[in-house]
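Okay, so here's the structure we're looking at.
The values are calculated or read from the model by the stated rules, or taken from the named source; none is laboratory data. Small disclaimer: the values here were computed from a predicted structure and weren't measured. In this analysis, Cβ positions are derived from the backbone assuming ideal geometry, glycine residues included, and neighbour counts consider all displayed protein chains. Calculation scope for accessible area: heavy atoms of the full protein, side chains included, ligands and nucleic acids excluded. Shrake-Rupley method; radii C 1.70, N 1.55, O 1.52, S 1.80 Å.
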Amino acid sequence: MAPPRALSEFVAEANEVLETLAHDVAVLDAQRGREPEPDLLNAIFRAAHSLKGLSGMFGQERISTLAHHLEDVLDALRLGKVLASDALLDAILDGVDVLTLMLREASGEAPSDETARRATALTETFVRLASGGQQTAVDVLDEVGLDPAIRSVFTEYEEHRLRENVKKGIALWKVRAVFSLDDFDQRLAGLNATLKPLGEVISTLPSSQPGDETSIAFDLIFGSPRPQHEIETAVQTMASVQPLTNKPVRPRLVSEPEPDAPRTRPAPRPPVFASDVSSPELTPLSSSSPSGVMQGAEPSLRSLAQTVRVDIARLDGLMNVIGELLTVRANIHRLADVARQAGATPLPKLWGQELQKEARALERKLDELQAGVLDVRMVPLGQVFDKLARLMRRLVRQSGKDVHFEVSGGDVELDKLIVEELSDPLMHLLRNALDHGVETPDRRIAQGKDARGLIRLKAQQLGNQVQIEVGDDGAGMDEGRIKQVAIERGLVTRELTDELERRDLLNLVFLPGFSTRKDVSELSGRGVGLDVVKTNLARLSGLIDIDSRRGEGTTFVLTLPLTLAIIRALIVGVADRTFAVPLNSVTEIVAVKPAELRTIERREVLEVRGQTLPFVRLSRIFGLQELPVERHFVVVIGLAQERLGLAVDALLGQEDIVTKPLGGRLKGVPGIAGATELGDRRAVLVLDVAALVEELKRPQAAVG
Amino acid sequence: MANPRFEAQLARFFYRPDEDVGAWLELAPEIAEAGEVAEELPEEFLAFELGAEVYAVPIGAVREILKVPAITGVPRVAEHVLGVMNVRGEMLPVYDLKQRLRLVDAPQRVTGPTDLPRESRVVLLKDPEGDAGILVDRVQGVVRLPLSKLEPAPNLGADRRAVAGLGRAGGNLYILLDVEAALA
Amino acid sequence: MEPFKVLIVEDSRATREMLAAAVDLAGGVEVYTAVSGFEALKVLPRHRFALIITDINMPDINGLELINFVKKNPNYRHVPLFVVTTEGRSQDRERGLQLGASEYLVKPFESETLTALVQRYLKR
């Protein structure tokens, strides 16, 4: 059945469904101990249900089976057959995790036995939990006398909601509204919003009653304890309100079956154009023939969906086109400049001015286009934050510590690629905060702190950058201990640590192989250190800083660019070569005379605003000719917590660039991130600032 | 004839990065051995000159033939890598095969067409590790060589590992290049 | 000959496209899709559909309500209606058929089944 695109289609949609599911389950989890909101439960049930159907359709049996059992549990929960116990909520959380793993495996990752084992265990748990309760014996709906014609269109879930309302003594109402066909969905949404504070909208029944071509009637089945006049006042002229159950029970029509009686399925009657045997009040076809009715306006409505899903690779393709247009723009500017300046005669000069004007117009439109495409790539950080919140709640429960996990700024948007890459580093920092940061309740009380610890995950946008903080109010870092460990592991010399300032000492934790505890706890995961976090961030052109106070806590501050797709770069000249330096890692540019340089242990350094920085000649590290200069242009690089002065021969301007990887066998050249093209089509190498900083630091920190 | 002073500029003005192999294929019959009894279908090779020697690569391994583009030197790579070129937005490496095969002693420095004779070309080869260009002195054209008559490469020492074998057609000797070994 | 217009009401995009592909295979049809019950209500009066295929679980109105609406409306009541759902629940199934659905298909099923049913109902 599946066309070739099917698997990727499936994965994309299943992923969306899972994200929704995960988000809603996280909300449900946060409401532990309270009676779950019916709407939320129903949304979760629907997501599990969709996933089951979707994976079933695409032959993904494993996912389908697990989703099916999850759905059964959720169904029992929303129908009130079982209670929202801790065990049940934990199983649901686990279910979302395992489904996520399975989906990854379906999309090409190697299947693991662990996933299969968890799935089997979960299936058993779900089966056990779902069979927890039994059906209510007496149907209260029979007692209130509900019109069977209305009742016949309710799903089992809607009936359950009706029962729940009746059991609580809440009156049921029929709210009737007639809307225009053009905008009934918005108007209905408005009506729903009005009714919601007063009760529960259980079902929305479209009705054919008004019978004309331009409008449609709806009966909203509404449960509310408020008196009729109050509901009427709220809905004003939008709708009329009638009691649903006070109405005398209408005698049943012959054709209308007793809802609880066993039924047989009518045989298929192909083709069914001329008659409708199931309905007695049959209208002759001739009078209702729609032939002349809808010929007029036939808008294209193959799909009215408001969103499209786009492969990120296509956006990258668009970005590349924009990059090329930026090159054209630069060329036009240059030509305009030449024409304007060659203007000994008036004509070229005028042309030059015209050209310049057009170039500026192009530039404005190009900026809009670029902003537009970048905007499409933006996704809220909440996508990652929700997953992290889910995992954190479980880790906190397992840890035996009492911790409040606070998340804010999930609405801040970042480039999709960056958001995807962030979840691992953030998870690591959060685990660290829980594992090494927050103390046990006893110890906190002994120190006069609140027994309950706090871990914060917070994002905010600052101009072109996003700052993410991972903080705790725990014990803080012990510099003495850090120093000792770094020396013990041979990461630094004792002499060097004596010279280091507090901030630099804290930063030693980012060295590969550093871990402040010998027993690596289950929570922190084995073999992954903060150095990996740092490397991951550097790959995203991100900075990381630590602020830690003994006894008060530790905060990691991550600073990230909004996007990596198009970056602003500084164009520099070294010897006869041209290079591009990503500006997001440049903190400032200074000029120094050779005489101002000093050496420490035969390494050149320079002083900028009282801070001593390593001074590195790009020509020297790249083996290029060193030109004698009167003064060096020094590009000060700030990457993660490192600072570095990079000397170049000339500053040639700034450009927006799209970095492309070097082809094939040149992929791994250290210090080169890729190449971009400037005005003359010539490839210009883009520096990999993170790699350069890393390699220059290495011999300095390590022991000989 | 055009003034040689302007030749380079003209060449640059008419610079088309994507002259393709198709044009060369049309030349093939002229170069191929006339009157040869075709019992087997001979393989087609692209023949090009490096210094005084003539080399050949299977035509299937050739992506396109380019006039020499601007080449950007890359630091920290082997001497026989001239640098990267921009082929319609792709940043691909260019190799100096003469240096790689020790046909010359010193590496040459090439930044673009002006550093080279007019006949120089970059042959863009397909390679699973990533496509790459090789700089050649002149492209001769397509030659058909029957596979059964190819000779194994004589043992010429480690530097010539990139030679896959020898082929003869019309009294000419073609050195068959092992593309993967040449680019390694 | 004018193609038969078939309306598919299904909120899952992937499922919708799979259904559309299966219906398309029947030949001589023009497939229209709606992502929700509301959208279906809007589309219904604008076209003369020969067949409607709907899901049961949808976010705005459920499939049973849509069947009821279609079957009570003199303009549409003659249009055959299939339910395609993962909902094997017998109560919903019986209500669906009772309300006038011609076929009730529970996923997963072979696409050939749907294609064949479409052909049968459209007399192809």
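With the Cα gyration tensor of region A:567-701 giving a ≥ b ≥ c as the square roots of its eigenvalues, does the rule (a/c under 1.5 for rounded; else a/b larger than b/c for prolate; else oblate) give rounded, prolate or oblate? Since a/c reaches 1.5 and a/b is larger than b/c, the shape of region A:567-701 is classed as prolate. For region A:178-208, a drop of 30 Å² or more in accessible area on going from the chain alone to the assembled protein chains (1.4 Å probe) is found at A:Leu181, A:Phe184, A:Asp185, A:Thr204, A:Pro206, A:Ser208. Average accessible surface for region A:140-243: 41 Å² per residue, computed with a 1.4 Å probe over protein heavy atoms with every protein chain in place. The phi torsions of region A:103-118, fed into the Karplus equation with coefficients 6.51, -1.76 and 1.60 and a -60° offset, translate into couplings of 5, 4, 5, 5, 8, x, 6, 5, x, 10, 5, 4, 4, 4, 5, 4 Hz, rounded to whole numbers, with Gly and Pro shown as x. For region A:47-126, the set of trypsin sites (Lys or Arg not before Pro) satisfying both a DSSP loop assignment and a count of at most 12 other C-beta atoms within 10 Å is empty. Computed with a 1.4 Å probe over protein heavy atoms only, the accessible surface of region A:6-130 comes to 40 Å² per residue. Per residue, region A:315-379 exposes 61 Å² of solvent-accessible protein surface, assessed with a 1.4 angstrom probe and all protein chains in place. Sorting C:Lys5, A:Lys593 on solvent-accessible area from highest to lowest, probe radius 1.4 Å, gives A:Lys593, C:Lys5. In sequence order, region B:129-137 has phi-based couplings of 6, x, 4, 8, x, 10, 7, 10, 6 Hz under the Karplus curve 6.51 cos²θ - 1.76 cosθ + 1.60, θ = phi - 60°, and Gly or Pro positions carry x.
Taking the protein heavy atoms of region C:4-121 in the context of the full set of protein chains, the accessible area attributed to carbon and sulfur is 48 percent at 1.4 Å. Taking a ≥ b ≥ c as the square roots of the eigenvalues of the Cα gyration tensor, an a/c ratio of 1.5 or more together with a/b no larger than b/c marks region A:48-103 as oblate.
Under the classification rounded if a/c is under 1.5, otherwise prolate if a/b is larger than b/c and oblate if not, where does region C:4-121 fall, given a ≥ b ≥ c as square roots of the Cα gyration tensor eigenvalues? Note, shape of region C:4-121 comes out rounded.
With 25 Å as the limit on Cα-Cα distance, the pairs of C:Lys5/C:Lys72; A:Lys458/A:Lys667; A:Lys449/A:Lys483; A:Lys416/C:Lys107; A:Lys52/C:Lys72 that go past it are A:Lys458/A:Lys667; A:Lys449/A:Lys483; A:Lys416/C:Lys107; A:Lys52/C:Lys72. Summarising the amide proton neighbourhood of A:Leu244: residues at separation of 5 or more, or on other chains, whose placed amide H is nearer than 5 Å comprise A:Leu172, A:Trp173, A:Lys174. Surface composition of region A:1-132: carbon plus sulfur atoms contribute 53% of the solvent-accessible area (1.4 Å probe, protein chains only, all chains present).
Taking the inverse of the mean reciprocal distance over all distinct Cα pairs, the Kirkwood hydrodynamic radius of region B:37-184 comes to 15.8 Å. Peptide C:30-41 has a mean shielding of 4, counted as Cβ atoms of other protein chains within 10 Å of each residue's Cβ.
Taking Cα centre as origin and charging only the Cβ of basic (Lys, Arg, +1) and acidic (Asp, Glu, -1) residues, the dipole magnitude of region C:1-101 rounds to 360 debye.
The interface between chain A and chain B buries about 2200 Å² of solvent-accessible area in total (1.4 Å probe, ligands and nucleic acids excluded).
Neighbouring Cβ atoms from other chains, within 10 Å of the Cβ of residues in A:653-663, number 3 on average. Remark: mean inter-chain Cβ contacts per residue of C:45-56 equal 3, using a 10 Å Cβ-Cβ cutoff to other protein chain atoms. Sequentially through region A:603-613, phi angles give Karplus couplings (6.51, -1.76, 1.60; θ = phi - 60°) of 9, 6, 9, 9, 10, 10, 6, x, 9, 8, 10 Hz, Gly and Pro residues having no value and appearing as x. Here is the interface size for C with A: some 6400 Å² of accessible area buried, both sides summed, with a 1.4 Å probe.
Listed by chain and number, the aspartates and glutamates placed with their C-alpha closer than 13 angstrom to that of A:Lys357 are A:Asp337; residues fewer than eight positions away on the same chain are left out. The fraction of accessible area contributed by carbon and sulfur in region A:567-701 is 47 percent, rounded to a whole number (1.4 Å probe; ligands and nucleic acids excluded).
Qualifying GluC sites (Glu not before Pro) in region A:534-612, where qualification requires a DSSP coil assignment and no more than 14 other C-beta atoms within 10 Å, comprise A:Glu552, A:Glu601.
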